[in-house]
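Worksheet for the structure shown next.
Derivation of every value follows stated rules applied to the coordinates shown; laboratory data play no part. Keep in mind the model is a prediction, meaning the values are calculated, not measured. Backbone-built Cβ (ideal geometry, glycine too); neighbour counts: all protein chains shown.
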């Protein structure tokens, strides 16, 4: 049972994309989204929620790709 290094590297790239989003999206939500929401502006709130969902997507896709590379799945 050999590992597929290309799949593992691709999965690590997805995880590297998700890592900054994991920290910046909640920061934007807290620092810009909530104060703007209280003033009636929803742009930062919606943008931060979308960034959080994108971070979750890249984390799941990255983990699935890494595990597929480790366990030799297609």
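Would you work out the relative contact order for the chain, in percent, from Cα pairs under 8 angstrom that are 6 or more residues apart?
Relative contact order of the chain: 54 percent.
Axis of helix 5-28 versus longest Cα principal axis of the chain: the two differ by about 10°, to the nearest ten degrees. Relative to the longest principal axis of the Cα atoms of the chain, helix 43-70 runs at roughly 10 degrees. Normalised by 2.2 N^0.38 Å, where N counts its residues, the alpha-carbon radius of gyration of the chain equals 1.46.
Which FRET efficiency value, to the nearest 0.05, do you get for residue 2 and residue 24 by plugging their Cβ-Cβ distance into 1/(1 + (r/R0)^6) with R0 = 30 Å?
Working: r = 37 Å, r/R0 = 1.23.
That pair, residue 2 with residue 24, gives E of 0.25.
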